[in-house]
Amino acid sequence: MIEHLRSIPHEFFWLFGSLVVLLGISSTIAAWLQGRPADEKKTASRANLVERINAWWVMVAILAVAFLGGTAMTLILFGLASFFALREFITLTPSNPGDRLPLSLSFFLVLPIQYLLIGLERYGMFVIFIPVFAFLLLPSIAALRSDVDDFLSRSAKQQWALMVTVYALSHAPALLMLNLRGGHPGTDALLLFYLLLVVQMSDVMQYVFGKLFGKTKIAPLVSPSKTVEGFIGGGIAATLIGAAMWWITPFTPLQSAAMAAVIVMMGFLGGLTLSAVKRSLGAKDWGVMIEGHGGVLDRTDSICFAAPMFFHIVRFFYS
Amino acid sequence: MRPSSTVLVGIVKLLVGAYARWIGSSPAPAQRIYFANHTSHIDTLAIWSALPRSLRRRTRPVAAKDYWGSGFRKYIATRALGAVLIDRSKTDPTVDPLEPLRVALREGDSLIIFPEGTRGAGATPARFRTGLYRLASEFPQVELIPVYLDNLHRSLPKGAALPVPMVCTVRFGSPMALDAGEDRDAFLERARAGVIALATNTGTATA
């Protein structure tokens, strides 16, 4: 344990400290705002703000536990996030009795194996396990039970669920097995931190810029809160924040800006696409787990799309 | 709180969430009979887990002796949940199966019951058996709270061995009571309608 704590780069403590200070300031301002007189609409939006900040506290706490606890702890936490996200997805997906076994196996077999493969650093198997084994075998089980009503649509939905919530999301902690910079243990963890920070900052900045300047809706039917102004303003802000963080990564400042831009873009597409998926399943929020945040999948949709792309670009160019 | 029940609540929350929605009542320490639709073996545990910790101690699920009365299940039912076991077999016609429930109510405990008497297959509960009516007329001071459990018929339906994790909300409705001179069947139908009404009223989040 002590050995592990020593291996955590000092940058982490600086970053973590700054985040705590930032959140502390935000919470103080929010508390001050809540004490001021307001009409009903303002009260509601302030309550929403407080809920968002509180959820950030929870995320920072989880992040701290993950980093201080090491790879195993990080994998357990991301595994749980996958589990809850998959649970939300499957709850909204219609299923037949023939799907029960493949669905149970997705939760209790496929998901743990996927994360175990990261822990064992079996890159080859990690990349193909779900696309080859799960995607071919799970629908076969349903077919063997000759439950054929609406078969393609059912199995397509279940494969989307597994692909997004388990396969894609697991690419975030998979950064830990890249062993960059000659295997210095802290580098990969900081890269994961970098990914999460840019994704979250992008979400927050787009929300803020959207509230301040948002006029032109990008896809009003899919996601009414996404605006051109919010996306461009927030995206540029998050890209600059990412560029300014180059010193915790193996990138130069310019490369770091490019990486952050990719993360911002993919995160945006993830939010939009999963919003479309959600709406086609007939729901507004994925679940009821995190106060003020809809569901786990509402919070992780951007990471689900950004993580695999970021993982493979880093792996291709830097390892 | 017994450690075994804390573990159970943890597992239930992981599998199905069991998020409480207090739509017409609040989690108060009044003596109550919670009555719910019944579709799965998780039902009892889901309602139990949705109740605040402070209320669980005085709230006793009612479980069928033929399923929960032996081995490990008995350990869970009686040790972890403090369940009241009810004999559905009616082997001895002189014994009223409701007697253990009366004992618990006289001691001031609240109960969780499933008036259908057995697990159904769909989202809508079947006809209620008469036990709820008899308890309501014998204990008029006890609040009757309708409860609706969603999605559990999909998570672990009758005959399934493995659960599929699904988000389940536990919706607690407004307290109701037996009206003066109300007919048995009318009351049971009104109670059932109270549960069904919660199926479409999803309520708003309360933590």
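Values in this text are rule-based calculations from the coordinates and carry no lab data. Everything numeric here is computed off the predicted structure, so don't read it as measured data. Positions of Cβ are backbone-derived with ideal geometry, glycine not excepted, and every protein chain shown enters the neighbour counts.
Is the shape of chain B rounded, prolate or oblate, going by the alpha carbon gyration tensor and its root eigenvalues a ≥ b ≥ c, with a/c under 1.5 for rounded and a/b larger than b/c for prolate?
Details: a/c = 1.33, a/b = 1.12, b/c = 1.19.
Since a/c stays below 1.5, the shape of chain B is classed as rounded.
Over segment A:182-319, calculate the relative contact order: mean separation of alpha carbon pairs under 8 Å at least 6 apart, over the residue count, as a percent.
Details: 187 pairs, mean separation 30.4, N = 138.
Taking the mean separation of contacting Cα pairs over the length of segment A:182-319, I get 22 percent.
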Test of understanding: in a Gaussian network model of chain B with alpha carbons linked when under 10 Å, which of B:Ala28, B:Ala104, B:Ala191 would top the mean-square fluctuation ranking?
B:Ala28
Charge dipole of segment A:182-319 built from unit charges on the beta carbon (Lys, Arg +1; Asp, Glu -1), centred at mean Cα; most positive-end Cα among A:Val199, A:Trp247, A:Gly186 is A:Val199
Bounding extents of segment A:117-274 in its principal axis frame from Cα atoms, largest first in Å, are 55, 47, 17
Just rank A:Ser82, B:Ser110, B:Ser26, fewest to most, by other beta-carbon atoms within 10 angstrom.
B:Ser26, B:Ser110, A:Ser82
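If you place +1 on the Cβ of every Lys and Arg, -1 on the Cβ of every Asp and Glu, and leave all else neutral, what size is the dipole of segment A:70-177 about its Cα centre, to the nearest 20 Debye? Mind dumping the intermediate values first?
Working: 6 positive and 6 negative charges, 20 e Å.
The calculated dipole for segment A:70-177 is roughly 100 debye.
Which value, to two decimals, describes the C-alpha radius of gyration of segment A:70-177 once divided by 2.2 N^0.38 Å?
Values: Rg = 13.9 Å, N = 108, 2.2 N^0.38 = 13.0 Å.
Ratio of Cα Rg to 2.2 N^0.38 Å: 1.06.
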Evaluate Rg over Rh across segment A:182-319, taking Cα atoms for both radii and Kirkwood's formula for Rh.
1.00
Can you check what the net charge comes to around B:Pro175, using other residues whose Cβ is under 15 Å from the Cβ of B:Pro175 (Lys, Arg +1; Asp, Glu -1)?
+1
Which percent of Cα pairs goes in each bin when the distances of segment A:233-292 are cut into 5 angstrom slices starting at zero?
4, 18, 18, 15, 12, 13, 11, 7, 2
Hey, got the Cα dimensions of segment B:99-138 along the principal axes, in Å, largest first?
35, 16, 13
Compute from the Cα atoms of segment A:1-82 the Rg and the Dmax, the latter being the longest Cα-Cα distance, and quote both in angstrom.
16.8, 54
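From the Cα gyration tensor of chain A, with a ≥ b ≥ c the square roots of its eigenvalues, which class applies: rounded if a/c is under 1.5, or else prolate if a/b is larger than b/c, or else oblate? Numbers along the way, then the final one.
Numbers: a/c = 1.74, a/b = 1.16, b/c = 1.50.
The shape class here is oblate.
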Note on chain A: helices (DSSP H) long enough, at least 15 Å by alpha carbon along their axis, and hydrophobic enough, mean Kyte-Doolittle at least -1.0, are A:10-35, A:40-69, A:71-92, A:151-162, A:185-213, A:228-244, A:253-280, A:296-318
Which far-off residues, 5 or more places away or on another chain, put their amide H under 5 Å from the one on B:Val84, with H placed in the peptide plane?
B:Val62, B:Ala63
If you rank B:Val9, A:Val222, A:Val228, B:Val170 by fewest surrounding Cβ atoms within 10 Å, what's the result?
A:Val228, A:Val222, B:Val9, B:Val170
Counting DSSP beta bridges with both ends in the protein assembly as shown, the antiparallel % (nearest 5)
20 percent
Which residue, B:Asp185, B:Asp92, B:Asp66, tops the fluctuation ranking in a GNM of chain B built on C-alpha contacts under 10 Å?
B:Asp92
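Of A:Lys41/A:Lys211; B:Lys13/B:Lys158; A:Lys157/A:Lys215; A:Lys157/A:Lys284, which sit over 23 Å apart, Cα to Cα?
Values: A:Lys41/A:Lys211 14 Å; B:Lys13/B:Lys158 20 Å; A:Lys157/A:Lys215 34 Å; A:Lys157/A:Lys284 17 Å.
Long pairs (Cα-Cα over 23 Å): A:Lys157/A:Lys215.
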Going from the fewest other Cβ atoms within 10 Å to the most, one would list A:Val166, B:Val167, B:Val142 as B:Val142, B:Val167, A:Val166
